[in-house]
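I have placed the structure first, in the form of structure tokens, so that the comments after it can refer back to it.
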Amino acid sequence: MKKSQKSKVKSQKLKEMRIGVLMGGMSSEREISLKSGQAVYHALTQKGYNAIRIDVGRDVYKKLVEKKIDIAFIALHGKYGEDGAIQGLLEMAGIPYSGSGVLASAIAINKVLAKKIFMLNKIPTPAFAVVDHSAFKAGARHALPLPLIVKPNSQGSTIGVSIVNNKREFAVAVKKAFKYDDTALVEKFIKGRELTVGILNNNPLPIIEVRPQKGIYDFKAKYTKGMTEYIVPARIPEAIGKKVKGIALKAFHVLGCSGAARVDIMLDSENRPYVLEVNTIPGMTELSLLPKAAECAGMTFSEMAEEILLCANGARRHGL
């Protein structure tokens with residue numbers, strides 16, 4: 001991929017700085033984050049950047065200061081990494097960072113709030129209900145028809161997600177979601193094709209169709225080789241593909257996202273798209289979707305990682 005002269009100048013400036021790849025963290029997605037961070041670290045060093053790995057814990061600020069980090073590449077997933085927490089700390093420290101800002105990160109990880117914003121902006125999203133602990137204990141009911149999807153409100157990697165086909169399964173699914181969050185999102189199950197659209201620096205990448213061998217595209221299907229078939233680019237009509245990309249980009253923009261993100265979409269039997277969620281820090285492992293889409297667009301993994309770094313949040317304020 002050819003870089004513009006402006007990008008070349010920015011790249012050269014960044015190569016004179018120390019880049020901290022923030023990985024690991026304290027969420028249930030720690031192991032995936034370590035893999036993402038390791039891949040990013042190798043990609044950046046291959047490109048000639050002065051990158052170092054930082055395993056994020058509660059002493060992360062101390063590490064940032066000790067290691068004299070000038071810019072951060074966030075490869076954290078889930079709580080404290082994808083929810084605006086680490087972004088806020090970096091803002092306070094005056095350190096530019098990759099990906100979306102504090103507000104966009106906090107909104108995107110909150111599935112219920114994000115869906116409300118989608119609805120206000122006429123972005124199609126599955127019908128839903130919200131169940132918290134008190135409502136569940138009081139025997140809360142909803143008007144959504146079976147089957148349903150039950151998810152923790154703020155969780156990634158499809159952790160704690162269940163398909164519900166009857167009333168008995170509903171109670172089990174909600175209790176499972178409560179293991180990861182105080183609020184459960186109950187969503188209408190959209191039967192159809194599961195698509196994902198990577199967004200890189202405001203540009204939609206080729207659409208990927210995700211076909212798990214069985215059940216839903218859960219944690220096991222995502223991170224076990226051979227459990228899922230990935231079709232890239234997705235075999236859908238050009239007009240439908242254009243519509244899906246347009247909706248994905250709109251979802252990215254209405255949440256205020258920046259840098260790289262991944263928008264998950266269901267396409268029903270009548271080719272109507274429904275936005276499920278926006279992931280502001282997509283996985284960067286060998287099985288992850290954003291790298292697959294970038295590769296289809298003609299980018300190597302290293303070029304993709306560099307592009308994410310070049311559009312770092314707050315870089316302009318630091319003369320980059």
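The values are calculated or read from the model by the stated rules, or taken from the named source; none is laboratory data. Computed from a prediction, not measured in an experiment: that's the story for all the values here. Every residue, glycine as well, gets a Cβ built from its backbone with ideal geometry; the counts of neighbours run over all protein chains shown.
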Which one of Lys47, Lys79, Lys10 is among the basic types (Lys, Arg) and closer than 15 Å to Asn313 by Cα?
Lys10
2 or more residues closer than 23 Å to Cys257 by Cβ: qualifying strands (runs of 3 or more DSSP E) within the range 1-113
18-24, 71-74
Given (1) crowded, with 21+ Cβ neighbours inside 10 Å; (2) out of contact with any Pro (no Cβ under 8 Å at 6 or more places or on another chain); (3) part of a helix (DSSP H, G or I), number of the condition Met304 does not satisfy:
(2)
Looking only at residues that are assigned to a strand (DSSP E or B) and of a type outside the set (Val, Ile, Thr) in the range 246-268, which one is farthest from Gly283 (Cα to Cα)?
Asp268
If Tyr61 passes every condition in (1) in contact with a Ser or Thr (Cβ under 9 Å, 6 or more places away or on another chain); (2) modelled with pLDDT of 95 or more but one, which one does it miss?
(1)
Being over 20 Å from Glu29 (Cα atoms) and surrounded by fewer than 20 Cβ atoms within 10 Å (Cβ to Cβ): is that true of Leu103 here?
yes
Any idea which residue in the range 131-161 is surrounded by the fewest Cβ atoms within 10 Å (Cβ to Cβ), counting only those that are modelled with pLDDT under 90 and in a strand (DSSP E or B)?
Asp132
With respect to the numbered conditions (1) surrounded by 16 or more Cβ atoms within 10 Å (Cβ to Cβ); (2) more than 18 Å from Phe301 (Cα to Cα); (3) not aliphatic (A, V, I, L, M), which one is the sole condition not fulfilled by Ser36?
(2)
